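Below: one structure, written as structure tokens.
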Amino acid sequence: MSADTVKVSRGRPKTLNRDHIIDVAMRAYWQEGAAGVSVNEICRRANVSKPGLYREFKNEDGLMQAVLVAYQNQMLTPILQSLTTDAPFRETLENLVSFVTQAQDNQALPKGCLLVKMHESRMRVGAATREQIDRSHQQFLTAYEQWIERAKARGEFLADLTSQFAASYVDTQVSSALSQIARGEPHSNVKKTLLLAFSMLR
């Protein structure tokens, strides 16, 4: 065999499963909090070496950022999509309440919302993760505000509130409800509280 026909393999083949690591880390952060699980533990659960993880995500901050992006794509997109429809305001509001409370009945998933939990721990995460938290949060605030603006244009939003304030109010109530559920509050109580809080918007 001539030297011209020999193909030299450069570097080691990539066998790391990025999606698997993200799934493992997502569940860990979602269940135990951003500060509740170490990179070493995630490596153990995902059966990957720490150098391998760092080659893929650069550092823990990069992993958390990737997890948040995946979480939003997988879990939060339905909420954002529901806010862009032309359904009546009251119907969308009721669907939002149902999504927040009923989605938590899935026993296979951790309770609460990973984005909310990360937001509450933002001072203990890296810069890239904080930027992703703020980016996702602003996306929801914008979606809420545009949804309310459309409802006002149709004469369905009668509360004497600016759209920006109302969007912030909705976001605060949803985040509070998800935090209560994460702490173990009965879903029925959380739903009643959320409906009461939203009654001023109808």
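The values are calculated or read from the model by the stated rules, or taken from the named source; none is laboratory data. Here the structure is a predicted model, which means the values were calculated and not measured. Here the Cβ positions follow ideal geometry from the backbone for every residue, glycine too, while neighbour counts run over all protein chains shown. The protein model used for the area step is the full one, side chains on, heavy atoms only, and it has no ligands, DNA or RNA in it. Shrake-Rupley method; radii C 1.70, N 1.55, O 1.52, S 1.80 Å.
Listing for the model above:
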| item | result |
| --- | --- |
| Selection status of GLN74, exposed (fewer than 15 other Cβ atoms within 10 Å of the Cβ) and farther than 30 Å from ALA153 by Cβ | yes |
| Filter result for ARG45 (modelled with pLDDT of 95 or more and in contact with an Asp or Glu (Cβ under 7 Å, 6 or more places away or on another chain)) | no |
| Residue list for the range 38-54, restricted to those being open to solvent by less than 50 Å² (accessible area, probe 1.4 Å) and either part of a loop (DSSP other than H, G, I, E, B) or without any contact (Cβ under 8 Å) to a residue 12 or more places away in the chain (or both) | CYS43, VAL48 |
| Residue that is touching a residue at least 60 places away in the same chain (Cβ under 8 Å), under 26 Å from MET26 (Cα atoms) and open to solvent by less than 20 Å² (accessible area, probe 1.4 Å), where the choices are LEU114, LEU201 | LEU114 |
| Residue tally, condition buried (at least 17 other Cβ atoms within 10 Å of the Cβ) and either among the hydroxyl-bearing types (Ser, Thr, Tyr) or touching a residue at least 24 places away in the same chain (Cβ under 8 Å) (or both), over the range 172-186 | 8 |
| Residue match in the range 135-154 (condition: at pLDDT 95 or above, loosely packed, with under 15 Cβ neighbours inside 10 Å, assigned to a helix (DSSP H, G or I) and β-branched (Val, Ile, Thr)) | yes |
| Only one of LEU96, LEU115, LEU76 that is touching a Ser or Thr at 6+ places or on another chain (Cβ under 9 Å), closer than 19 Å to SER199 by Cβ and among the aliphatic types (A, V, I, L, M) | LEU96 |
| Residue match in the range 53-70 (condition: within 14 Å of LEU114 (Cα to Cα), β-branched (Val, Ile, Thr) and under 21 Å from the mean Cα position of the chain (by Cα)) | yes |
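Residue-wise test of (1) assigned to a helix (DSSP H, G or I); (2) at pLDDT below 95; (3) open to solvent by less than 60 Å² (accessible area, probe 1.4 Å).
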{"position": "LYS14", "(1), (2), (3)": "no, yes, no"}
{"position": "GLY36", "(1), (2), (3)": "no, yes, yes"}
{"position": "GLU56", "(1), (2), (3)": "yes, no, yes"}
{"position": "LEU80", "(1), (2), (3)": "yes, yes, yes"}
{"position": "ALA108", "(1), (2), (3)": "no, yes, no"}
{"position": "HIS119", "(1), (2), (3)": "yes, yes, no"}
